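Here the structure comes first, spelled out in C-alpha cells, and everything after it is commentary.
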Amino acid sequence: DAGKALPFGEEALKLAVHLGDSVLVSQAANDLAGIEHRLGHFQLAIAYNMRALRDRQRRQDTLGIAASHSKLGAAWIELMGFDSGLVHNEAAERVYHDLGDRLHEGMLRGNRGALYRHLGDTAMAIKATREAMELLEGSGNDYANANVLAQMAVVLMDGRREEEAVPFIRRALERYSAMDMKSDMASMAGALGAVAQRRDELDSAYHWYSK
C-alpha cells in the first residue's frame, strides 16, 4: 500500500541525508518517487526523481541515471508534458544504447513512439515504433513485443490506415492470448471490432465486440 509506505520512505530519506551517504540518498529519493507516482502525485515524483538523478550524475552511476531519466519521462507523460517526457526518454535510451541493452532501448523506443503519437507526429510515431519492434525482436520479452505491435496498430488506426493496422492487431492479440492477458486481449478484440464496424461488417464487429 503506497499510502502506508510513504512515511517510511520519508524517514528513510531523512536518515540517508543524516548519514551523508549519497548512494542511500539517491536510492531513498528513487523509492519515494515511486511511491508518489503510485499515489498520483506526479510533481512530487518528478522532484524526488530529479534529486536521485543529480546524485547519480555526481557519482557517474550510469544505470541509475538511465533509470531516473526513464521514470522522469513516465511522470511527465502522466502530466501530459510530452516534450519534457521525450527529453528524458531519449536520455535514457542513449544510455541503454551505449550499454548494448537492446531490451531496455527497445522498450524506451516504444515509449518514444507513444510520445510522438501524443504530440501528433504520426510519421515519427510509426518510425520509432517500427524501430522498437526491431530492437525487441528476439529479446524474449513477449509482453514488450506484444505492446509495440499493439502500439503500431493504434498509430496506424489514428491515421485511418485500418488495412495496415489489422495484421499488427492480430499479431498482438495472438501474443497476449498466449500469455492469457485478458485486459489486453479485450483491447485488441475491441480494435478488430472497430475496424469491422468501419467497414460496415456488422456481424464481424459483433463477434469481436462480444469477445
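The values are calculated or read from the model by the stated rules, or taken from the named source; none is laboratory data. Every value quoted in this text rests on a predicted model; they were computed, and no experiment measured them. Cβ atoms come from the backbone with ideal geometry, glycine included; neighbour counts cover every protein chain shown. With ligands, DNA and RNA removed, areas are computed over all heavy atoms of the protein, side chains included. Shrake-Rupley method; radii C 1.70, N 1.55, O 1.52, S 1.80 Å.
Summed over segment 147-176, residues that are touching a residue at least 12 places away in the same chain (Cβ under 8 Å), part of a helix (DSSP H, G or I), of a type outside the set (Val, Ile, Thr) and open to solvent by 20 Å² or more (accessible area, probe 1.4 Å) total 10.
Every condition in (1) more than 21 Å from HIS104 (Cβ to Cβ); (2) surrounded by fewer than 14 Cβ atoms within 10 Å (Cβ to Cβ) holds for MET179 except the one numbered (1). Do we have SER26 as open to solvent by less than 70 Å² (accessible area, probe 1.4 Å), over 22 Å from HIS118 (Cβ atoms) and polar (S, T, N, Q) here? Criteria met by SER26. Of ARG94, ARG102, ARG117, ARG160, all but one fail to be out of contact with any strand residue (DSSP E or B) (no Cβ under 6 Å at 6 or more places or on another chain) and at positive phi; the exception is ARG160.
Any idea how many residues of segment 88-121 are in a helix (DSSP H, G or I) and open to solvent by less than 60 Å² (accessible area, probe 1.4 Å)?
Residues meeting the conditions: 19.
Scanning segment 8-22 for residues that are open to solvent by 80 Å² or more (accessible area, probe 1.4 Å), under 22 Å from ASP61 (Cα atoms) and of a type in the set (A, V, I, L, M, F, W, C) gives LEU15, LEU19. For segment 172-190, residues that are over 15 Å from TYR209 (Cβ atoms) and under 20 Å from the mean Cα position of the chain (by Cα) total 8.
Applying a threshold of 8 Å to beta carbon distances and a minimum spacing of six or more residues, or different chains, the list of pairs starting in segment 120-139 at a residue that is within 13 Å of GLY106 (Cα to Cα) and free of Cβ contacts under 8 Å to residues at least 40 places away in the same chain and ending at one that is basic (Lys, Arg) and open to solvent by 60 Å² or more (accessible area, probe 1.4 Å) reads LEU135/ARG102; LEU136/ARG102; SER139/ARG102.
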